[in-house]
Amino acid sequence: MEFVGITVLFLDEKVNSVIHGFTPVGHANHYMPSLKAGSIVKIDRFAIARCSSMHKIIDNPFLIRFISLTIIDEVITGAPEINLQSRLDCSTIYK
């Protein structure tokens, strides 16, 4: 199978939602160090696109696309505690 990019799930604690994020292979090496499992990040300068049904992994019609201007900063202080069990209903993830 060919590597096409990085897929992540973002949890928005303010509106209790999950959104799919995708980094294409051309940007993957640049953003990989900023994307750590379980980390809380602030993301600026990204694109929003409709998620095609073929690539849809959650019940949200949109996805965040990282572009060359995207900035990812890990939130170290003042980060909210997110209860993953209550925020992510695994029954909505497509298999």
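The values are calculated or read from the model by the stated rules, or taken from the named source; none is laboratory data. Bear in mind the structure is a predicted one, so any value in this text is a computation, not a measurement. Every residue, glycine as well, gets a Cβ built from its backbone with ideal geometry; the counts of neighbours run over all protein chains shown.
Computed values, structure above
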| quantity | calculated |
| --- | --- |
| Where a residue in segment 1-13 is part of a strand (DSSP E or B) and its partner, wherever it lies, is of a type in the set (Gly, Ala, Ser), with Cβ under 6 Å and at least six apart | GLY5/ALA28; ILE6/ALA28; VAL8/GLY21; PHE10/GLY21 |
| Qualifying positions in segment 10-23 - of a type outside the set (Val, Ile, Thr) and at pLDDT below 85 | PHE10, LEU11, ASP12, GLU13, LYS14, ASN16, SER17 |
| Total residues in segment 52-69, condition closer than 15 Å to ILE6 by Cα, over 11 Å from the mean Cα position of the chain (by Cα) and not aliphatic (A, V, I, L, M) | 3 |
| Unmet criterion (only one of (1) at pLDDT below 75; (2) surrounded by 10 or more Cβ atoms within 10 Å (Cβ to Cβ); (3) among the acidic types (Asp, Glu)) for ASP59 | (1) |
| Matching residues in segment 1-54 - criterion: being touching a strand residue (DSSP E or B) at 6+ places or on another chain (Cβ under 6 Å), at positive phi and small (Gly, Ala, Ser) | GLY5 |
| Any hit, segment 18-26, residues being within 11 Å of the chain's Cα centre (by Cα), surrounded by 12 or more Cβ atoms within 10 Å (Cβ to Cβ), of a type in the set (Ser, Thr, Tyr) and in a strand (DSSP E or B) | yes |
| Cross-chain or 6+ apart pairs with Cβ under 7 Å, segment 34-56 first and touching a residue at least 40 places away in the same chain (Cβ under 8 Å), then part of a loop (DSSP other than H, G, I, E, B) | ILE40/VAL75; ILE40/ALA79 |
| Which numbered condition ARG45 misses (of (1) surrounded by 11 or more Cβ atoms within 10 Å (Cβ to Cβ); (2) farther than 21 Å from VAL4 by Cβ; (3) modelled with pLDDT under 85) | (3) |
